[in-house]
Every structure is written in structure tokens, then in C-alpha cells.
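The values are calculated or read from the model by the stated rules, or taken from the named source; none is laboratory data. Remember, predicted model here, so these are calculated numbers, not experimental data. Because the Cβ atoms are built from the backbone with ideal geometry, glycine has one as well, and the counts that use them run over all protein chains shown. Protein only, heavy atoms only, side chains kept; ligands, DNA and RNA dropped before computing areas. Shrake-Rupley method; radii C 1.70, N 1.55, O 1.52, S 1.80 Å.
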Amino acid sequence: MTAALSVLEKTFGYSAFRGQQADIIQTVIGGGDALVLMPTGGGKSLCYQIPSLVREGTGVVISPLIALMQDQVDALSAVGARAAFLNSTQNAEERRQVEAAFLAGELDLLYLAPERLRVSSTTDLLDRGTIALFAIDEAHCVSQWGHDFRPDYLQLSVLHERWPSVPRIALTATATEQTRREIAQRLDLTDASQFVSSFDRPNIQYRIESKAQPLQQLLSLIRGEHSGEAGIVYCLSRASVEKTAEFLMENGITALPYHAGLDTAVRSSNQSRFLREDGMVMVATIAFGMGIDKPDVRFVAHLDLPKSVEGYYQETGRAGRDGLPSTAWLAYGLQDVVQQRRMIDQSEGDLAHRRRMGAHLDAMLALCETVECRRVQLLGYFGQVSEACGNCDTCLSPPETWDGTVPAQKLLSTIVRLQRERNQRYGAGHLIDILLAKQTPRVTQYGHDSLSTWGIGQDISEQEWRGVVRQLLAQGLLAVEGEYGILAITDASSTVLSGSRKVMLRREAPKRSKAAKKAVAAQLPEVALPLFEALRAWRSAEALAQGVPAYIVFGDATLRGIAVTKPASLDELGTITGVGEKKLEQYGDALLGVVAAA
Ligand code: ADP
Ligand code: ZN
């Protein structure tokens, strides 16, 4: 372990292991197999990188993310580790050079796409070199029922059969018990030590608000708290991706679109700009994100309701991998609920499939409507018990609840009357018009102003009514039917109508959260700001000159450390987190120059 600690300090410039890193690394260095479940940003990479550097031979990393291999290799080279990859993007000559380096024992790490292992030339090559370990990244790709399934992962059990004495470490950020069992079984890792970390991401502030003017709400989030910082905005459809990106551009924010309908070249250029340039906002469908290692994504915003809590947690987890304060923000409204229920009703799958999708949506709605701590609810979903976190909207600014029984009865009885007396069924908009006594053409046409519930809901606003409908849907006291979003009562509604069940609702239009955070830069003491900005400018220029993402030069945490402590010597600079020996030698003088000039 002394060797591992020394690599941690000298190569990576970090002073201590995080969480279970030390135990995992010790297991693998000792030749044992490990199955590692750690949330995004937890620090999985070091768990195989350090054993690869300490053990004799090359650590072979299996990863499905070909597009990101170059960045991973660049990041390792930047700290002085010898790394390379073999994948389909290379020509024969490039491959030959990598193979020669591997055989000569000149590589600490070798990244391979899983399909390479199908080819006998690759397995023969591995036979002829010395392998320190096998790391199987994104191990949940072996799970056939998961959404990231890769058939090539199934044959990774060959690793153990062919090289039984080489330790294997499988890593994933996917949390559920079932996936874990499936990984262990399919990869022949049932005897491996399992390391399951807490899935909490304490630096992410979770906030969910109701949709009024979503684009304006998004704009004020970015301008107010994250101006000039990198973020991801998720939308459900390609059209809304385009529209949102345009809107942000018109408002002076550098935003790029990303969805499956774009040309591959445009997509990969947008992805690479997002990774390389500072402060880009990526507006994307969920097609974007797996394996994106960018550590300084400061916010993840959802403009549409995600389909499941798993998806939501994975997407929001892309914020703040560097451990600095970040925001996960979601706006959702009645329309989201109606639309998703409709999509489930009309989906192709069998009844069991629709039930499963319905259960996913219910869990997501419960998270949105909870008056308890969001984090307690989220972690609870993954089977972890926790205390109120103090860093989510409901903790920072507890929502008021109110007794919505009477409004619920008014709405439900309007539905019942229309159906019983006139055999008519409507969506939320018209029902609310009736409750608010709005003389619309449809009201006149059908004489709805003679209903006994006409105008009995004028004590609350239209926006509040939409909130009532949404929350009744979430609580299962209302159902959506058919293609037009018709509202219908449910079995449970009768207990409300009879007065035997009370309906508690969350108050709409929540106050702004008291502790609305500021951009990371703005959280620095004011005196440190000019230096931080100067360091950022230096970093941008350096990254541009080398053609690598800015974070490969240094992460924000390192620049903050320098801005606050103002090191005056190389020795002092070397104590700052993220400054290892190679970077100290390469950049030390330049950095001291920036510090002295500020
Ligand atoms: P994961 O792959 O689990 O999402 P990474 O391996 O990318 O996470 O690590 C996330 C961030 O945390 C990276 O910027 C990494 O350099 C940093 N990190 C990891 N381990 C440590 C540590 N022991 N001390 C300081 N920073 C660390
Ligand atoms: Zn909380």
C-alpha cells in the first residue's frame, strides 16, 4: 500500500484516498477480483489506474466508449502515466505502434473496446505481453435488461477462462441490486469482493419546481447562479432541444444541441467543444452523456419529466464530478404528467411492460411532489437510509402544505357530473375553465354554465388549479385516459368524494430557495477572484495549444486551491490537490508567474 499511496501523491497529486478507494486498490494489487459500485464522480478510475501502475505489466481496460478513449489517454499522459488504446478509429500503423509498446512492456494502461477481444489477433497479443489486471468499465453494459446493453460484454467471461491468474475489477455507477447480481453472474465474478459505496452526491443541490415559463426559468437559473459555467440541459424531444438551444443562444449563452437526429459529424464536434471549451451549455436528449468524464459540469437541468428515478439520478449525476457545489434542477408541469401517462397507455409493450413504466413514472412523481427531503427520497429509492440533507430545495425552504380536500372534491365532482348527467369527458383545461367560470365558446356550445359546479373554484388561481390536477394525478386520485388527455376518476377517488380521505397538497409557486448558490467562481473570497480568473485564462490558452480539454491541464479544484493559497514556491505549489510531480515540473514556473503577476 505504500507504493499505492506514493503513486496517489506523486503522480496524481492527491493527499488521501477517498471512500473505499484504499480497500479496493489493496484488493486488486494483492491479486484479488473486485466488483465496484460507486456513484458517478466517486473516483472509480483511480481504483484500476493505481493498481495498473503498481503491479507489474499493463492494466488492460475494457471500455465501450471509444469516443472518449483519447481523452482518457491524454489525461493519463498529462500526469506522466504511459497509456494507449486500440480501437477501430486507428489505422494499421497506429495499431502496430501501440502493440509494439505493449509487448515491450512500455505501457501502464491499455484501453480496449470489447469487440477487440473477439479477434484472435488481440487475444494472441495479450498472451504475449504481461497483463497487470483487467478493468471492466461500465460493467452494467453486460446486463441484458438494462438500457445500455452491449452484446460484446457477454463474452468478457473469456478473460477469466483464458487468464485465470490475472485479477479483474468491474466498475459501474448503476445502483440496483438486480444489476449487481447480474454483473457478478455474467462476468463470473460471484467470488469477487464487492464494494458498494453510498450513492449520495452531497455536493449536488437537488431542486424541482413547477413549470410556469420553463425557458425563462431556465434562463434565470443560468444567469443567476451559473453564468459562464458548463451545464447540460435535458429535453425529451429533438424539436425542444433545437428550440431551447436557439433560445439560449439568442440570450447570449453559448449553447449547443445534441440529439440522435443530428449528423454524426455535428454531434461529435458539439461533444468535443463541450468537453474542450469553458462554460458551454449542452442542450440534449438523453442520447447524450454516458461516459462523459467532464468533471466541472456545474448544473444539469431537466425541462421535461424524466421517465424514471434511475434515469434522473444517472443524468443529474453528471454534475459536479469534481466534488464542487453543483445544481440538479428540474421543472415539471401538468402537461408532462398527462403526456407521459398517454405515452405509456399507447406504448407497444405488453401489459406487464406498461405496468413497469407506470411504476417508474409513479416513483418519479412521488419524488417531485414530496414535501420531505429530496435526497432522503432518492437514496431511499436505491435502498439507502439517510437523514434530511440540508442541501435540497425542500430542506432549504420547506414547502407549505395545505388541505386540498375541498378543491379536490370540486374537481372530481365536476368530472362525475359531466360523465353521469351528460356522458361527456374532458381534459384539464376545460374542467378548470368550468371551475373558474370562464365563458369560452365550448362552455356556451354545451351549456356548461348551467352545471352545479360552474364557477365554484374561483377562490384559487388557474396556476394553482393546474397544480391540484397534477398532484391528484401523482397521488392516483385522478387518471388520464386516451389520446386527448381526458381526466377520469379512479377507484381511490371515491374516498375523497365521500369525505373519508383528506388530500394534502404542496403549495405552488415555492419561494426562491434561501441559499441560492452562486457560480463556483463567485463562492471564492472576493480577493481571490482576479487570480482565479487569470488562472482560468492561462489554462484555456494552455489547453488550446495542446488540443486537450481544459480539465486535463488542471481541474477547477486545483485552480481554486492556487487562487486561495497563492503559493510562492514550487514546494508550496506541489502541496495543492491535483498537482503531481509531472504537472509541477511542466507547469510550475508558468503558474508561479501567473500568481506573481496577479
Ligand atoms: P468516476 O469514474 O467514479 O465517475 P472519476 O474517477 O472520474 O470518477 O473521479 C472523479 C473526480 O474525482 C476526478 O476529477 C478525480 O481526479 C477526482 N478524484 C478521484 N479520487 C480522488 C482522490 N482520492 N482525491 C482527490 N480527488 C480525487
Ligand atoms: Zn434535503
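Residues in the range 279-299 that are at pLDDT 95 or above and more than 24 Å from residue 264 (Cβ to Cβ) were compared, and the one that is nearest to ligand 2 (Cβ to nearest atom) is 299.
So in the range 518-530, with the set limited to residues that are under 27 Å from the mean Cα position of the chain (by Cα) and open to solvent by 30 Å² or more (accessible area, probe 1.4 Å), which one is modelled with the lowest pLDDT?
Pass one, the range 518-530, residues under 27 Å from the mean Cα position of the chain (by Cα): 518-524.
If we keep only those that are open to solvent by 30 Å² or more (accessible area, probe 1.4 Å) too, we end up with 518, 522-523.
Details: 518: 55, 522: 59, 523: 73.
Residue satisfying both the conditions and the ranking: 518.
Screening residue 508 with (1) modelled with pLDDT under 90; (2) touching a Gly at 6+ places or on another chain (Cβ under 8 Å); (3) open to solvent by 70 Å² or more (accessible area, probe 1.4 Å) gives one miss only, at (3).
Of all residues in the range 46-78, those that are within 21 Å of residue 1 (Cβ to Cβ) and surrounded by 18 or more Cβ atoms within 10 Å (Cβ to Cβ) total 11.
If I ask for residues that are open to solvent by less than 50 Å² (accessible area, probe 1.4 Å) and in a helix (DSSP H, G or I), which ones from the range 79-98 would you list?
Kept after step one, since they are open to solvent by less than 50 Å² (accessible area, probe 1.4 Å), are these residues of the range 79-98: 79-81, 83-87, 90, 98.
Of everything in the range 79-98, just one residue is open to solvent by less than 50 Å² (accessible area, probe 1.4 Å) and in a helix (DSSP H, G or I), namely 98.
Residues that are within 25 Å of residue 29 (Cα to Cα) and within 16 Å of ligand 2 (Cβ to nearest atom) number at least 2 in none of the helices (runs of 4 or more DSSP H) confined to the range 139-229.
So how many residues does the range 15-43 have that are in a loop (DSSP other than H, G, I, E, B) and not polar (S, T, N, Q)? If you could, list the steps in order and put the result at the bottom.
Keep residues of the range 15-43 that are in a loop (DSSP other than H, G, I, E, B), which gives 15-20, 30-33, 38-43.
Going one step further and asking which of them are not polar (S, T, N, Q), we end up with 16-19, 30-33, 38-39, 41-43.
Number of matching residues: 13.
Of all residues assigned to the range 446-462, at least one qualifies as being touching a Leu at 6+ places or on another chain (Cβ under 8 Å) and within 27 Å of residue 343 (Cα to Cα). Scanning the range 371-389 for residues that are closer than 25 Å to residue 471 by Cβ and either among the aromatic types (Phe, Trp, Tyr) or without any contact (Cβ under 8 Å) to a residue 60 or more places away in the chain (or both), we see that the one that is nearest to ligand 1 (Cβ to nearest atom) is 382. Within the range 557-581, no residue that is without any contact (Cβ under 8 Å) to a residue 24 or more places away in the chain and not assigned by TED's automatic domain parsing to the domain that holds residue 534 sits with its Cβ atom under 9 Å from a residue that is open to solvent by 10 Å² or more (accessible area, probe 1.4 Å) and within 13 Å of ligand 1 (Cβ to nearest atom) at 6+ positions apart or across chains.
Only one of (1) open to solvent by less than 60 Å² (accessible area, probe 1.4 Å); (2) touching a residue at least 40 places away in the same chain (Cβ under 8 Å) is not met by residue 179, so which one is it? Every condition holds for residue 179 apart from (2). Do we have any residue at all in the range 382-391 that's surrounded by 14 or more Cβ atoms within 10 Å (Cβ to Cβ), in a helix (DSSP H, G or I), outside the structural domain of residue 488 (by TED's automatic domain parsing) and within 16 Å of ligand 2 (Cβ to nearest atom)? No, that holds for no residue. All of 76, 46 fail the test of being under 23 Å from residue 291 (Cβ atoms), near ligand 1 (Cβ under 9 Å from one of its atoms) and in a helix (DSSP H, G or I), apart from 46.
So that you can scan it fast, the table gives a plain yes or no per residue for (1) modelled with pLDDT under 95; (2) within 16 Å of ligand 1 (Cβ to nearest atom):
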residue	(1), (2)
532	yes, no
537	yes, no
543	yes, yes
547	yes, no
567	no, no
582	no, yes
589	no, no
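For the range 247-255, does any single residue satisfy the condition of being over 21 Å from residue 134 (Cα atoms), touching a Ser or Thr at 6+ places or on another chain (Cβ under 9 Å) and of a type in the set (Ser, Thr, Tyr)? No - not one qualifying residue is present in the range 247-255.
Would you say residue 113 is open to solvent by 30 Å² or more (accessible area, probe 1.4 Å) and of a type in the set (Gly, Ala, Ser)? Let's see the steps before the verdict.
Values: open to solvent by 30 Å² or more (accessible area, probe 1.4 Å): no; of a type in the set (Gly, Ala, Ser): yes.
For residue 113, the condition - open to solvent by 30 Å² or more (accessible area, probe 1.4 Å) and of a type in the set (Gly, Ala, Ser) - is not met.
For residue 250, the conditions (1) out of contact with any Pro (no Cβ under 8 Å at 6 or more places or on another chain); (2) open to solvent by less than 60 Å² (accessible area, probe 1.4 Å); (3) modelled with pLDDT of 95 or more all hold with the exception of (2).
Whether a residue is within 20 Å of residue 548 (Cβ to Cβ) and more than 16 Å from ligand 1 (Cβ to nearest atom) was assessed, and residue 279 passes this test.
Condition check ((1) near ligand 1 (Cβ under 6 Å from one of its atoms); (2) open to solvent by 40 Å² or more (accessible area, probe 1.4 Å)) across all residues:
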| position | (1), (2) |
| --- | --- |
| 4 | no, no |
| 23 | no, yes |
| 29 | no, yes |
| 40 | yes, no |
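Checking 405, 414, 394 one by one, the residue that is more than 20 Å from residue 310 (Cα to Cα), within 10 Å of ligand 2 (Cβ to nearest atom) and among the hydroxyl-bearing types (Ser, Thr, Tyr) is 394 and no other.
For the range 554-586, which residues satisfy the criterion of being open to solvent by less than 10 Å² (accessible area, probe 1.4 Å), part of a helix (DSSP H, G or I) and farther than 15 Å from residue 14 by Cα? Matches in the range 554-586: 563 only. Can you spot a residue in the range 324-332 that is modelled with pLDDT of 90 or more, assigned by TED's automatic domain parsing to the domain that holds residue 230 and more than 30 Å from residue 557 (Cα to Cα)? Scanning the range 324-332 turns up at least one residue that is modelled with pLDDT of 90 or more, assigned by TED's automatic domain parsing to the domain that holds residue 230 and more than 30 Å from residue 557 (Cα to Cα).
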